1. Inside region 19-55, can you point out the residues that are at pLDDT below 90, over 30 Å from K66 (Cα atoms) and either of a type in the set (F, W, Y) or touching a Phe, Trp or Tyr at 6+ places or on another chain (Cβ under 9 Å) (or both)?
Amino acid sequence: PRVELAWAMRAHQHAQIYFNLISSVDPKFLNLTKVDDLIYEEFRRTFRELRVDLLDPEELKSEAAK
């Protein structure tokens, strides 16, 4: 149990550090993987009209959105 607790505490510390790092960077300049740009381009190609700044969960569940 002590080893598991020590591991969990260490994992929590690492998670806090990484969260602080990614939170301190403007998302425009944040790349988490080598293919981030490719993923975004494909997303925009598939969902041209989707405004991610105005997402409404009820609208996404509508028949038209499906």
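The values are calculated or read from the model by the stated rules, or taken from the named source; none is laboratory data. As the structure is a prediction and not an experimental result, all values here were calculated from the model. Using ideal geometry, Cβ is built from the backbone for each residue, glycine included, and neighbour counts are taken over all protein chains shown. Side chains included, ligands, DNA and RNA excluded: accessible areas come from the protein's heavy atoms. Shrake-Rupley method; radii C 1.70, N 1.55, O 1.52, S 1.80 Å.
1. F29
For every residue, the table says whether it meets (1) open to solvent by 100 Å² or more (accessible area, probe 1.4 Å); (2) without any contact (Cβ under 8 Å) to a residue 12 or more places away in the chain; (3) of a type in the set (A, V, I, L, M).
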{"site": "E4", "(1), (2), (3)": "yes, yes, no"}
{"site": "F19", "(1), (2), (3)": "yes, yes, no"}
{"site": "F29", "(1), (2), (3)": "yes, yes, no"}
{"site": "L38", "(1), (2), (3)": "yes, yes, yes"}
{"site": "E42", "(1), (2), (3)": "no, yes, no"}
{"site": "L60", "(1), (2), (3)": "no, yes, yes"}
{"site": "E63", "(1), (2), (3)": "yes, yes, no"}
